[in-house]
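Here is the structure we will look at, set down as C-alpha cells.
Just so it is clear, none of the values below were taken in a lab; they were calculated from the coordinates. Keep in mind the model is a prediction, meaning the values are calculated, not measured. In this analysis, Cβ positions are derived from the backbone assuming ideal geometry, glycine residues included, and neighbour counts consider all displayed protein chains.
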Amino acid sequence: MSRILLLFMLLAPTSIRADTLTIPVGQQGPANIPLPARGETQRAVLERFGLADEEHAPVGQPPITRWDYRDFSVYFESGRVIDSVIHHRPRHLPVRSEESQ
C-alpha cells in the first residue's frame, strides 16, 4: 500500500501541470469600425449600412435574425438590433518551409 502511495506522490505533480492559453478577446479587428447600436431598427441599419452580404432566416423563439456584412454581423429580435459583433480576423503566423525545419 505504501508503494502505491509513494508512486502516486511522485507522479501527481507531473500530471497536474498545464499550459496557459491566451485568447486575444477584444482584438478581433480595428476598433474604429462603426457598428449598429442596440435598439436600432432593421430599416435604420439598412439605410446606414446598405444591403447585407448575407441575411439568415429567423431562428428560435423569440426569432433571432442575423445579417452578415463584410466586417461584422448584426443580430435582430423583433426587427431591432440586440447585438453587433466584429468578425474575428486571425493573425497569420509566418509559414516555415520544410527546408528550414
- Item | Separation in nanometres of the label points that stand 7 Å from Cα toward Cβ, at Arg38 and Ala57 | 3.0
- Task: Work out, step by step, the length gained on full extension between Ile64 and Ile4: first 0.36 nm times the residue separation, then minus their alpha carbon distance; give nm to one decimal.
- Result: 16.0 nm
